[in-house]
Amino acid sequence: MISNRTVALVGRPNVGKSRLFNRLLGKRVAIVHDMPGVTRDLAMAVVDEDFLIMDTGGIGIKPEMTPAAIHEATEEQVELAIQAANLVLFVVEGPEGVTPVDLDVADMLRRSGKEVLTVVNKIDRQSGALNLAEFHRMGFRDVLAVSAEHGQGSRELFDAITEFLGPKPEAPEVDEDRRINICLCGRPNVGKSSLGNALIRAPRLIVSDIAGTTRDAIEHELDYTAKTGEEWKFRLIDTAGMKPNRKLGSSLDYFSNLRSSGAIERADVAFLILDALSGVAKHDKKIAGEIADAGVGLVVVVNKWDLALDSFRQSKVDGFTSEKEFRKAFIDAIREELFFLPNSPIIFTSALTGFQVDEILKSAVMVDTTLGMELPTAQVNKVLGDMLERQKPKIVGGRRFKVYYGLQVAQRPFKIRLFCNREEKLEDSYLRYLENGFHKNFRLDGCPVKFDLRGKS
Ligand code: GDP
């Protein structure tokens, strides 16, 4: 992932950062992706599909600024570079030598402990001999002399960058034997064991049981041949043994078992099983919340659909003219009650008749594949930019808050790091708004998206 391969250019105004940025991209233009940041002040590009290079020079800069304002803007740039970059290119000027602002920037960089290359620019304008010693004295990893205007030293600089970053990481090999861990969760009596059994008995399925790794959960390995001929491998984490004490009528021990067994956490995709006859109950919400918190894929299964349809057909359910409408009403109610779900697919099954039990496996494959996606950085920023523009987050105290750009930093679950001018806690409703935007734009149905804000605290 590109997220840990970021190079940032910092330095006071007019040292030639943006010239150097363009020089470093140079002939690579064809393979450089045009990268809109969330703010226009930030120039970014992905080089060779390998690393991200950014010029922070435009941030906070306005025409005719006072020296104090320039100083503040420079600090803001350096702060972002420190938060975001693995390697900082600290750009200074040969002919002018080390200035007081340079020393301040150097100080901030030194305190951050970041790796820094000092880049001495404009050596073409150097009249006398270049004295690199004063630049070395600032104490960073290395000093390179360049002319962004004419190109001297840019090859060496590029090599120094790629040497620092090391070789581009290989894409991880696809593990043919990988199994998708699935877990059926739900209140007692919604049909978890029946669905588990229906799955195990499904045609085109080979099952082998493994002894439970925990006291209560049994695992079954399921090898399934899809109609397309594809082989799908699952591990069903069976929580059926976790029955509550029915006499006491308590669901509490089921919940504590579900949690302590780590069954949900071990799942790639967890299924929230609902009973079609009772709709979404209080405990369903609680279980849904636990699955959502665990950050795993989530699919909703409305089971006992045969019974619901019987009622419908016997006209016991008023107000619906078609089966489709009846189903739609279910979907709407679930979306409303479980509004915090990650836009989860909703499937309708009957463990009794076997109706659509296969859909459980199909949706597991679909959600699991999505969970492994890499979201292209340019698109991430496009989506973020649009969303932030359409609706600004509410910020306590009304202080200035800016998001510079975002980057996917993890899969399973998706984690998007947002680089900001300061660390904020966004409201849950706003995070949901952003999450919904990601779901719509990248089609991440059933996959949670977490946001991690980085900035000056
Ligand atoms: P669990 O506690 O969630 O594991 O629920 P069970 O699988 O033990 O099912 C509870 C009851 O509901 C049993 O009597 C099942 O036979 C019945 N049941 C489960 N799924 C269905 C279904 O799809 N349709 C019908 N009609 N009954 C079901």
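Laid out as a table, the results:
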read-out: Degrees between helix 100-112 axis and first principal axis of the chain (Cα, 0 to 90, nearest 10); value: 30
read-out: Using alpha-carbon coordinates, inclination of helix 377-390 to the longest axis of the chain, degrees; value: 80
read-out: Global form of region 296-365, assessed from the alpha-carbon gyration tensor, a/c cut-off 1.5; value: oblate
read-out: 3J(HN,Hα) from dihedral phi, region 359-366, Karplus parametrisation 6.51/-1.76/1.60, rounded to Hz, x for glycine, proline; value: 4, 4, 5, 4, 5, 4, 5, 4
read-out: For Glu219, residues with placed amide H under 5 Å, excluding near neighbours; value: Ile210, Gly212, Thr213, Asp238
read-out: Descending principal axes extents, the chain, alpha-carbon based, whole Å; value: 95, 47, 41
read-out: Assigned charges on the beta-carbon of Lys, Arg, Asp, Glu; the chain dipole about Cα centre (debye); value: 1080
read-out: Degrees, to the nearest 10: 282-294 long Cα axis against longest axis of the chain; value: 40
read-out: Order by protection proxy (mean Cβ within 10 Å, highest first), peptides 85-98, 368-381; value: 85-98, 368-381
read-out: Helix-only mean residue ellipticity at 222 nm for the chain, each DSSP H run of n ≥ 4 adding -39500 (n - 2.57), per residue, nearest 500; value: -10500 deg cm²/dmol
read-out: Total formal charge among the other residues, if their Cβ is under 12 angstrom from that of Cys420, Lys/Arg +1 and Asp/Glu -1; value: +3
read-out: Within-15-Å neighbourhood charge of Ala106 [Cβ basis; K, R +1; D, E -1]; value: -4
read-out: Descending principal axes extents, region 34-146, alpha-carbon based, whole Å; value: 42, 37, 30
read-out: Surrounding net charge for Gly151, when Lys and Arg each add one and Asp and Glu each subtract one, Cβ distance under 10 Å; value: 0
read-out: Spatial separation of Cα centroids for region 180-199 and region 381-414, in angstrom; value: 38
read-out: Proximal lysines to Lys394, defined as alpha-carbon separation beneath 25 angstrom and excluding residues fewer than eight positions away on the same chain; value: Lys382, Lys402, Lys415, Lys425, Lys440, Lys450, Lys456
read-out: Relative packing of 222-229, 168-175, 426-433, 148-155, which averages over residues the other C-beta atoms within 10 Å, highest first; value: 148-155, 426-433, 222-229, 168-175
read-out: Cα-derived Rg over Rh, computed across region 85-177 with Rh taken as Kirkwood radius; value: 1.13
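Coordinate-derived values only; no laboratory data. Just so it is clear, the model here is predicted, and its values are computed rather than measured. So basically every Cβ, Gly included, is an ideal-geometry build from the backbone, and we count neighbours across all protein chains shown.
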